[in-house]
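Notes for the one structure printed next.
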Amino acid sequence: MKYQCKCKTFEVHKTTIKVVDGKVVKPETYCNECNTYGEYIKEHKGYGGIIKKPNGTIAKRSDLNM
């Protein structure tokens, strides 16, 4: 998984979760150069979202032959 801090981009394979000053952080992503925690860079953007109609129903996809 890739992480970005203020000064660089780096890769971390295993992380743990810790609460520091009321924020959830991953200690392995701490950068000693800029003294901040790295933010996760989302690599996969996904396949799209669901289209919702104004009344709360989900639009039916016409391209699926079921």
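Only the coordinates and a few stated rules stand behind these numbers; no lab work does. What you see is a predicted model; the values in this text were computed from it and never measured.
Subtract the Cα-Cα distance of H44 and T9 from 0.36 nm times their separation in residues, and report this length gain in nm to one decimal. Intermediate values should be presented prior to the final figure.
Numbers: separation 35, 0.36 × 35 = 12.60 nm, distance 1.68 nm.
Value of the extension gain: 10.9 nm.
Sorted from largest down, what three extents in whole angstroms do the Cα atoms of the chain have along their principal axes?
Here the Cα extents, ordered largest to smallest, are 53, 25, 20 Å.
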